[in-house]
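**Q** Structure incoming, see below.
The values are calculated or read from the model by the stated rules, or taken from the named source; none is laboratory data. Since this is a predicted model, take the numbers as computed values, not measurements. Cβ atoms come from the backbone with ideal geometry, glycine included; neighbour counts cover every protein chain shown.
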Amino acid sequence: MTRRLAILFVLAFPAILVAGDPKPATVVAAVGVTVRDLDRSVAFYREVLGFEKVSDVEVAGEPYERLTGVFGCRLRQVRLRLGEEHLELTEFLAPRGRPIPGESRSNDGWFQHVAIVVSDMDEAYRHLRKHKVEHASTGPQRLPDWNKAAGGIEAFYFKDPDDHVLEVIHFPPGKGDPSWQARSDRLFRGIDHTAIVVRDTDRSLKFYRDTLGLRVAGESENYGPEQERLNNVFGARLRITTLRAAKGPGVELLEYLAPRDGRPMPADTKANDLWHWQTRMETTGIEKAIRGASILNLPERKLGFGRGRLTRDPDGHAVMLVE
């Protein structure tokens, strides 16, 4: 087999995670998203949302082709920080990927976002309107008090320059991680979680809880006009399950009990496509959880780690496991 064919063979068959003797993902280290114009996106996240730039690197070569599953890739990645959490923006200089599918909705299988905690929802909404962000929700929604798990939480969806959906969220006393109740003079405080649409929560729990070792931190069933206008999906009824590692943002599973007409993740999704998000998790002993592919050793730590592997959950969402 030629070297070129060998690379393509590896890229065609991503690693498969299996339960049995899992090594817990101890840290959700960062959430990443592919962008079209990195300078434009960095300016948006810094100037509009208050992120701080941590690093800016460019890489190419066979190890990164194997890591991303994109042959012939050259990518530039900027790491941003908001509070204690990190967001990684990646532009594929070559080859360019595809745009987000038209008329995407919040119940489509490729949906993923990060939820940014704000200290005051009214002020945050005024700030976002001032910067002319595109709405993905009707406006900020306060979830009703009858919902014991989520009552009083305020949230709003909007879009970044590449049409990625983002959320700002405000937790009332007694809701959310206790750290968000501390006083702060920052309007945008940090990332609480990344949310992903899943088809079957129980199936996803076998991956994130039983194999990766995340713990279930909260559950709720959300419906009603407030939820419909937040997600901008008529008749939305969601089963929501929040998982957490020992450190870092949570992973929120969004199963649409209704409507069930969301489109699945495209089977040929690649890391350079603009709907690609990935959640980076730090762990130990990756080999015991992965079947069908070796762990990749990078020649340098430009991306912040020396060993890792990109895998996908049952719905196609990407997880970057690193040591």
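**Q** For the stretch 91-120, name all the residues that are farther than 15 Å from Leu49 by Cα, in contact with a Lys or Arg (Cβ under 7 Å, 6 or more places away or on another chain) and either among the hydroxyl-bearing types (Ser, Thr, Tyr) or outside any loop (DSSP other than H, G, I, E, B) (or both).
**A** Glu91, Leu93, Ala94, listed by residue number.
**Q** Then there is this: So which strands (runs of 3 or more DSSP E) are wholly in the stretch 180-259 and hold at least 2 residues that are under 16 Å from the mean Cα position of the chain (by Cα) and in contact (Cβ under 8 Å) with a residue 24 or more places away in the chain?
**A** 188-198, 237-244, 250-258
Residue-by-condition table, conditions (1) outside any strand (DSSP E or B); (2) at pLDDT 90 or above:
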residue: Trp275; (1), (2): yes, yes
residue: Met281; (1), (2): no, yes
residue: Thr284; (1), (2): yes, no
residue: Ser294; (1), (2): yes, no
residue: Glu300; (1), (2): yes, no
residue: Gly304; (1), (2): yes, yes
residue: Thr311; (1), (2): no, yes
residue: Leu321; (1), (2): no, yes
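**Q** For Arg79, state whether it is at pLDDT 95 or above, surrounded by fewer than 19 Cβ atoms within 10 Å (Cβ to Cβ), in contact with a Lys or Arg (Cβ under 9 Å, 6 or more places away or on another chain) and not hydrophobic (A, V, I, L, M, F, W, C).
**A** Judged against the criteria, Arg79 is not a match.
**Q** Additional query: Tally time: how many residues in the stretch 148-179 are modelled with pLDDT under 95 and either touching a Phe, Trp or Tyr at 6+ places or on another chain (Cβ under 9 Å) or among the acidic types (Asp, Glu) (or both)?
**A** Selection size over the stretch 148-179: 1.
**Q** Still on this structure, please answer the following. Check the stretch 121-135 and report whether any residue there is surrounded by fewer than 21 Cβ atoms within 10 Å (Cβ to Cβ), out of contact with any Cys (no Cβ under 6 Å at 6 or more places or on another chain) and assigned to a strand (DSSP E or B).
**A** Taking every residue of the stretch 121-135 in turn, at least one turns out to be surrounded by fewer than 21 Cβ atoms within 10 Å (Cβ to Cβ), out of contact with any Cys (no Cβ under 6 Å at 6 or more places or on another chain) and assigned to a strand (DSSP E or B).
**Q** Still on this structure: Tell me which residues, restricted to the stretch 301-318, are touching a residue at least 12 places away in the same chain (Cβ under 8 Å) and over 17 Å from the mean Cα position of the chain (by Cα).
**A** Within the stretch 301-318, Lys302, Leu303, Gly304, Phe305, Gly306, Arg307, Gly308 meet the criteria.
**Q** Tally the residues that are surrounded by fewer than 21 Cβ atoms within 10 Å (Cβ to Cβ), over 19 Å from Ile153 (Cβ atoms) and not basic (Lys, Arg), restricting the search to the stretch 172-212.
**A** Residues flagged as surrounded by fewer than 21 Cβ atoms within 10 Å (Cβ to Cβ), over 19 Å from Ile153 (Cβ atoms) and not basic (Lys, Arg) within the stretch 172-212 amount to 6.
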